[in-house]
Amino acid sequence: MPDLSIALPTPQLHEAFLAIVDVEGKLPAAIQSLGPVIGRDVVVLDSGRGFRARQLASIGARVTAFEFPLSDAGAAELAGWVGRADAVVVPWSELAAPGSRFIAEASALLRPGGRLLLIHDYGRDDVWGLMPELRERHVAWSHRRGPFLGDGFRIRVIHCWWTFESIEQARELLGEAFGATGVETAEKMKRLRLEYAVAIYHRSAPGATAEVDEAGVAAAAG
């Protein structure tokens, strides 16, 4: 799922949605702006099928990606990153909930001054009409006094789109992914795209390296 913010039932549907979400490339541009990541050592955690890791590599980041759950070899490799990464990027991971040990251990991978970027949905857009049962959590996370902004993170909201080739394609894909709600949404579309807002929660590591548990994110994810 971390390639996208939604879990889709088939690999074919997953690939179809990758082709319609953020076709303008606003998300990698924002990650570069908040990092930067080009020419830097970037660790992508809970990388799913690796689409976002490949996307960052394509713009010039030196990417090392870790899919969860980790193998023994992956856990050993990840432990070797403690205190070394210029940036850690975590796209749409359920592990990266506010206040989680996962976030603390992800932070431990950063060199002094390195950047932690957590990608979640913002929950205030056309897309979230498709998933009202999940919207409340993401809206709560982004409040000024919410759990992320109260923990030293800042927020950058990226206004993206789900862009379709035709209403027929929208009806097909949204119907397959979201059932009757998706079909109804497609029928109401007056343009070939849905507004989609992504929240990137970001903060810098302290200037001095703290003492950390080298079991790292592997233990947090376990």
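The values are calculated or read from the model by the stated rules, or taken from the named source; none is laboratory data. All values reported here derive from a predicted model rather than from experimental measurement. No Cβ is skipped: glycine too gets one built from the backbone with ideal geometry, and neighbour counts run over all protein chains shown.
Conditions (1) in contact (Cβ under 8 Å) with a residue 12 or more places away in the chain; (2) outside any helix (DSSP H, G or I); (3) closer than 30 Å to Arg115 by Cβ; (4) more than 19 Å from the chain's Cα centre (by Cα), marked per residue:
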{"site": "His143", "(1), (2), (3), (4)": "no, yes, yes, no"}
{"site": "Gly146", "(1), (2), (3), (4)": "yes, yes, yes, no"}
{"site": "Gly150", "(1), (2), (3), (4)": "no, no, yes, yes"}
{"site": "Ile155", "(1), (2), (3), (4)": "yes, yes, yes, no"}
{"site": "Trp161", "(1), (2), (3), (4)": "yes, yes, yes, no"}
{"site": "Leu173", "(1), (2), (3), (4)": "yes, no, no, yes"}
{"site": "Ala177", "(1), (2), (3), (4)": "yes, no, no, yes"}
{"site": "Thr181", "(1), (2), (3), (4)": "yes, no, no, yes"}
Applying the selection to the stretch 130-161, what residues are surrounded by 15 or more Cβ atoms within 10 Å (Cβ to Cβ) and small (Gly, Ala, Ser)? Ser142, Gly146
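Go through the residues of the stretch 51-58 one by one and say whether even a single one is part of a strand (DSSP E or B) and surrounded by 23 or more Cβ atoms within 10 Å (Cβ to Cβ).
No, the conditions are met nowhere in the stretch 51-58.
Please enumerate the residues belonging to the stretch 59-87 that are assigned to a loop (DSSP other than H, G, I, E, B) and acidic (Asp, Glu). Walk me through how you get there before you give the answer.
Step one: list which residues in the stretch 59-87 are assigned to a loop (DSSP other than H, G, I, E, B), which gives 59-61, 67-71, 80-84.
Within the stretch 59-87, Glu67 is the sole residue that qualifies.
One line per residue, one yes/no per condition, for (1) of a type in the set (Asp, Glu); (2) farther than 23 Å from Phe153 by Cα:
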position: Ala29; (1), (2): no, no
position: Leu34; (1), (2): no, no
position: Gly50; (1), (2): no, yes
position: Leu56; (1), (2): no, no
position: Asp72; (1), (2): yes, yes
position: Gly80; (1), (2): no, yes
position: Asp86; (1), (2): yes, no
position: Arg101; (1), (2): no, no
position: Arg111; (1), (2): no, no
Of all residues in the stretch 32-50 being of a type in the set (Gly, Ala, Ser), at pLDDT 95 or above and closer than 27 Å to Pro11 by Cα, the one that is surrounded by the most Cβ atoms within 10 Å (Cβ to Cβ): Ser47
Mind listing just one residue for me: the one in the stretch 100-123 that is touching an Asp or Glu at 6+ places or on another chain (Cβ under 9 Å) and charged (D, E, K, R) and, of those, farthest from Gly179 (Cα to Cα)? Arg111
